[in-house]
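Asks: Handing you this structure, nothing more for now.
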Amino acid sequence: MEIICTRPSCVKPLNSFPDLDTEAKIRTVEQRYCSACGMPLLLADRYLPSKLLGQGGFGAAFLACDRYKPKLPLCVVKQFKPSNDLDAHERAIAQELFEREAVVLEELGQKHPQIPNLYAFLRP
């Protein structure tokens, strides 16, 4: 299994763990760390990010496996990752907008098939 490091500055974000080849091992694995930068790879001890889907002004989106659900479904995990050139006020606004998006997803996700469901919100 490949797990991607979510640290923005990591020089080698792709980490390979051939021992994670069964559902049982994925469900019980303890924290793993990036071989390049040492960042913890399991997010909230639940999500195993496997691919960077995209990044924008406020963050990045990763395809991840949810190991706390019976079928180990794939999901999208969004990470708050504002650009470094923001001052403190701009960063606070970006954080507020990011959190507002999560609130809207939580409210609307169950009501419309084109809007994704929010399963968890991880504060930075």
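The values are calculated or read from the model by the stated rules, or taken from the named source; none is laboratory data. Quick caveat: nothing in here was measured; it's all calculated off a predicted structure. Cβ coordinates were reconstructed from backbone atoms using ideal geometry, including for glycine residues, and neighbour counts include every protein chain displayed.
Asks: Here's a check for you: in segment 77-92, which residue that is of a type outside the set (S, T, N, Q) and surrounded by 14 or more Cβ atoms within 10 Å (Cβ to Cβ) is nearest to the chain's Cα centre (by Cα)?
Replies: It comes out as V77.
Asks: Would you please name the residue that is modelled with the lowest pLDDT, looking only at residues in segment 47-79 that are charged (D, E, K, R) and farther than 17 Å from C34 by Cα?
Replies: Filtering segment 47-79 for residues that are charged (D, E, K, R) and farther than 17 Å from C34 by Cα, the one modelled with the lowest pLDDT comes out as K78.
Asks: Could I ask something else about it? Residues that are under 18 Å from A61 (Cα atoms), part of a helix (DSSP H, G or I) and not β-branched (V, I, T): does segment 110-122 have at least one?
Replies: No, segment 110-122 contains no residue that is under 18 Å from A61 (Cα atoms), part of a helix (DSSP H, G or I) and not β-branched (V, I, T).
Asks: If you go through segment 28-51 one residue at a time, how many are closer than 18 Å to P8 by Cβ and among the basic types (K, R)?
Replies: Of the residues in that region, 1 qualify.
Asks: Then there's this: Would you point out which residue out of E106, E90 is farther than 25 Å from I4 by Cα, at pLDDT 90 or above and not in a strand (DSSP E or B)?
Replies: Every option except E90 fails the conditions.
Asks: Sticking with this structure for a sec: Could you list all residues from segment 37-66 that are in a strand (DSSP E or B) and of a type in the set (K, R)?
Replies: K51
Asks: May I pose another question? If I go through segment 80-103 residue by residue, how many of them are of a type in the set (G, A, S) and either touching a strand residue (DSSP E or B) at 6+ places or on another chain (Cβ under 9 Å) or closer than 18 Å to F121 by Cβ (or both)?
Replies: Selection size over segment 80-103: 3.
Asks: Shifting gears a bit: So N117 passes all but one of these: (1) more than 29 Å from R27 (Cα to Cα); (2) exposed (fewer than 15 other Cβ atoms within 10 Å of the Cβ); (3) within 15 Å of the chain's Cα centre (by Cα); (4) not small (G, A, S). Which condition number does it fail?
Replies: The failed condition is (1).
Asks: Based on this model, can you work out whether L72 counts as among the hydrophobic types (A, V, I, L, M, F, W, C), on the phi > 0 side of the Ramachandran plot and either out of contact with any Leu (no Cβ under 6 Å at 6 or more places or on another chain) or not in a loop (DSSP other than H, G, I, E, B) (or both)?
Replies: When the stated conditions are applied, L72 passes them.
Asks: Would you be able to say whether some residue in segment 15-35 is in contact (Cβ under 8 Å) with a residue 60 or more places away in the chain and not in a strand (DSSP E or B)?
Replies: No, there is no match, as no residue in segment 15-35 is in contact (Cβ under 8 Å) with a residue 60 or more places away in the chain and not in a strand (DSSP E or B).
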